[in-house]
Structure formats: structure tokens, C-alpha cells
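Where a number appears in this text, it was derived from the coordinates with a stated rule and is not lab data. All values reported here derive from a predicted model rather than from experimental measurement. Methodologically, a virtual Cβ is constructed for each residue, glycine included, from the backbone with ideal geometry; neighbour enumeration extends over all protein chains shown.
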Protein chains: 2
Amino acid sequence: MEPEGPPNNTLESPTLEEAYRRVRWGTSRYKTVIVVGRCRVDYDGRASSKLEPGERILLIKPDGSALVHRPRDYAPVNWQPPGSLFRTKLEKGRLLVRIFRRKENEVIEVRFSDIALVAVLDLRDTGAFHLYASEKDMQQAILVEPSLIEKGFRPITTERPVEPGFIDILGVDSENTLTVVEIKRNAATREAVLQLQKYIDVLKTEEGRKIRGILVAPELARGAQKLLASLRLEFKQLSPQRCAQVLKRLKETPLTDFFGM
Amino acid sequence: MEPEGPPNNTLESPTLEEAYRRVRWGTSRYKTVIVVGRCRVDYDGRASSKLEPGERILLIKPDGSALVHRPRDYAPVNWQPPGSLFRTKLEKGRLLVRIFRRKENEVIEVRFSDIALVAVLDLRDTGAFHLYASEKDMQQAILVEPSLIEKGFRPITTERPVEPGFIDILGVDSENTLTVVEIKRNAATREAVLQLQKYIDVLKTEEGRKIRGILVAPELARGAQKLLASLRLEFKQLSPQRCAQVLKRLKETPLTDFFGM
């Protein structure tokens, strides 16, 4: 006898028998299933682990991935990637949920003695995920594709220490003029302009020659444009998104293409 | 007005107002809180991301960690480590849960437009977690501390390819006799004994000298002992747990101790 009830129904403090039916119903129909209760967890595969009894959350997803979460830490204590199979059974006063990958011979066994909650969920999620690059990613993208700054730009070094901090990228332009590049992933403020100017002041003392300063950011914040112009510094519009695309393309390019093989 | 009801109560398809009260009640009392519903998620910090609307699970833990899970993949799409702070508010037909780390300037904003489930849970979990080493870990432990095999043992190389596979560790004993070490993390079977013998047969042909074979495992499976003796191979009892301890101690030892600084 399988309960057919609406998939979004939750059971609070069900018996093991009720929980068993509901979990089996959910996993066999590729639903998202949440089981909260007191359990022990055994893992065996490349390594092995034992988690002594306590109250945890088991999250099972339609793609066959599964996670066991303790009420602390952001990482799950045990998990399986997509493609895992589930078997549920009642044994000796326990509800056993077995999560296994046959080919890899990896098995997690969760044995519940008490259950606080079973939720079977029918989640629809097609929303796109957009990840925008960090300043470190932007630096990386410029090193891979220096023309993001301008034609003929060649990076020399990164993170060069100068008194107030580290220069993001130090390079030369097509006429061999030393060029300091300061990167911001948000609108560059007056503070960013002053920071760039400080680096140039220190370097000028050391080098005694003309130095260009380029502030790289998706946009300039209010007031930054005027200061930039008065200090004869330059602005290069570059978005984290654009940099993310460069890095993505890089990952997709076989390494052999770089070595002309 | 704060609902005081038992902490293990769940709300199914609550209004945003009801959900708001319950989530605030739970987070302010350091409970584990699960919110399931249609939401969008914005992250801003070292990088930034936007997740367009869809149905997801938000898991909030008493230690201030939080995860957003889509109904696929074992990794959360967004997360914050322990120590994060939570602010909940109703705005323009949305329930906003703000998860932030002030010092690091990292913010996740989850905006729910519809809520399927809110569960506030009082989870008690003091169960110990034991992780036992993999064969790779055991190999590593022996390289770090070769006396786990025997006094005077010196590893030469690992993963040496021989016809049927790769030798776990090839070394020499205190009398400079070439020694093949085969590692098993479970009871070593007859198949493991035969595998070790094959490696030795191949090496003998190449080297033309006496070779020792040592099978390393927590125990011998039934029938393996007799076969081992008849082939004049040796058994060294070593458990994954013991190896895990060696590696743990290694991690805790400052590197300077190794370089005599």
C-alpha cells in the first residue's frame, strides 16, 4: 500500500513505517526528499567513516545526489554525487536508507531510529545562475589576454609590493612605457584613484621615468572621473562578466592549442 | 507577536507573514531552520552571483552557517560559513533573508515570493565522527613513517608499473633486499596474495635477485594465510585507523620541525 497523497505533504513525527512508505514513494518518483531524525551513518568506499547517533537532516535530490547535514558546519558530513541509487527498508526498529553507487562501490547507510519530519517536495527550478568574477579572476583574465587593457600591453609581474600595498599588474605598453594597472570589480571610487596614484609616486621615485596608471573597473563612481583626469591617470572599462568569459573560454580550450601541438 | 509554539512545528504553504515570523523566531533562538520555496538569490563579496527565480531549499544552522540547495547537484549553489548573521524582513511582497558576514563584507540575499515549507528544528547531535583512511592514505602514512612496515625499511618508489598493475610501494629492507609492499584497507583476500605474487614474479624476471613481498592490511581474510605461507610471502598487520593517526600527527606538526629550524 503506497500513500498517494499530494507530493508537497509533510509528515511530522511519523512512525518508522509511515516514514518508510513516504520516503520510498518520494525516491521512486524522483522527488526531492528531506528526512530529519535521529540516525547513525556508515560510509564505505575509497575511505570509510562512522557517524555515531545524533539528529540530522538527510537531503535526497531527484538527480540521485544526497547529503547528510549535522546541525553545524556548512559542509555535509557525508554525501553522494548525482547518479546514486536509493534503497529504503525497515530493519530491527530502524529505517535504513541506503545510498549507493554500484560502479564505484561507494555506499552510505543512514539508519534512523526516530523521525521528526519527512517532506517530499516537487521543486521546479530552471532559474539561470550567473557568477561574476572576483578581482583575482579579473587579474587572471588580463594575464591570459593582455589586450583587454589595450593592444600591445604586456604584463611583467603581479602583486609587486610597493609601500601602501601590492600592484595588481605591472606591465609595459606598446611603447615600452611602464604601466601600473589597478583592478576593481565594482565602480571605482576616488579612494581607488588615490591608491593608484600612490603606487605611481613610489615607483617614480624608484625608477625615475614616466609611468602610466590605468584604473580597470566596470565603471567609475561619482567624483572619481574628475580626480582621475586631474592626476592624468586613465580609466579602462572592463566588467567582471567579460573576464569570466575569457577564463571560461580558457578552460574549454585544450592545452595543446597553447603549445601549438 | 511572536508565535511560541513547539520548535519542531512545521508550517506548510504559510503566508509570507507567517513564514517571516517563524523564520525570525527560529534564527533569533539559534535553531536549525529549513525554508523551502520559490526565491531568487543574490550574492556579493569577493565575487558576485545572481540566481534567477526557482524553487529551492534554504538551510540555516545554529552556528550561523547557511546553504541554498537547488533540486540538483550535491553542492549548494550559495552558502556562508559558520559565524554569519541573519536578518529577516518583509519587503514588497517578498520575504527577504539576509545572510551576512560583516567583517568579510560577504552578503547573500534570498528573496522568497512563495513558501512551501518552514521547519524550525531543535536538533541535538553530539555523535562522534570517525573517518578511516583510504589505501592512498595508508600508502602516504608508510612513506612518512616507513617503520610502520619494519625497522630499517626504506621506500624507493610508489606506483611502479608492472604488467598486471602498479606496485603500491617498492623499497628495500635493512639488508638492502628489494621489497614489494601491497596495501589493502580491508581484510586481505587470496586475490590480494596472488596479486602480490604476480608483481614479484615480474620483478624477479627483470631483476634476477631475491625479492620480499609484504602484504599490509588490518587482517587476513579466510584462506589467505595458508596461500601466503605457501608462497613464502609476509603479512604486516596495519589498520587504516593507525595510518590516519600518523597523517593527523603530521598535519599538526609545524613544518619547521621537519627542516630543523
* Computed Rg/Rh of the stretch A:105-194, alpha carbon atoms with Kirkwood Rh -> 1.35
* **Principal-axis tilt of helix A:240-252 within chain A, Cα atoms, nearest 10 degrees** => 70 degrees
* Too-long pairs where the Cα-Cα distance tops 21 Å, listed order kept, from B:K151/B:K236; A:K184/A:K210; B:K136/B:K236; A:K198/A:K226; A:K50/B:K236; B:K184/B:K204 -> A:K184/A:K210; A:K50/B:K236; B:K184/B:K204
* Using the number of other C-beta atoms within 10 angstrom as an exposure proxy, rank A:K31, B:K236, B:K89 with the fewest first. => B:K89, B:K236, A:K31
* Going by alpha carbons, how many degrees (0 to 90, nearest 10) lie between the helix axis of A:190-207 and the longest principal axis of chain A? -> 50 degrees
* Enumerate the calculated ³J(HN,Hα) couplings along the stretch B:32-44 in order (Karplus 6.51 cos²θ - 1.76 cosθ + 1.60, θ = phi - 60°), each rounded to whole Hz, writing x wherever the residue is Gly or Pro. => 7, 10, 10, 10, 10, x, 7, 8, 10, 10, 10, 10, 9
* **Square roots of five times the Cα gyration tensor eigenvalues for chain A, Å** => 57, 20, 17
* Arranged by the count of other C-beta atoms within 10 angstrom, fewest first, what order do B:T179, A:T189, A:T15 take? -> A:T15, A:T189, B:T179
* Which semi-axes, in whole Å and largest first, does the equivalent ellipsoid of the stretch B:63-141 have when worked out from the alpha carbon gyration tensor as the square roots of 5 times its eigenvalues? -> 34, 16, 15
* **Acute angle (nearest 10 degrees) that the helix A:135-144 long axis makes with the longest principal axis of chain A, alpha-carbon atoms** => 60 degrees
* Asked: What value does the protein assembly as shown have for Rg/Rh, both radii from Cα atoms and Rh as Kirkwood defines it?
  -> 1.07
* Structure fact -> Karplus-derived 3J(HN,Hα) from phi for the stretch B:153-166 (6.51 cos²θ - 1.76 cosθ + 1.60, θ = phi - 60°), whole Hz, x at Gly and Pro, runs 6, 10, x, 9, 8, 10, 6, 5, x, 10, 2, x, x, 10
* GluC sites (Glu not before Pro) restricted to DSSP loop in the stretch B:109-215 with at most 11 other C-beta within 10 Å -> B:E175
* **Volume per residue of the C-alpha convex hull in the stretch A:25-88, rounded to whole Å³** => 95 Å³
* To do: Calculate, in whole percent, how much of the Cα-Cα pair population of the stretch A:172-226 lies beyond 18 Å.
  => 35 percent
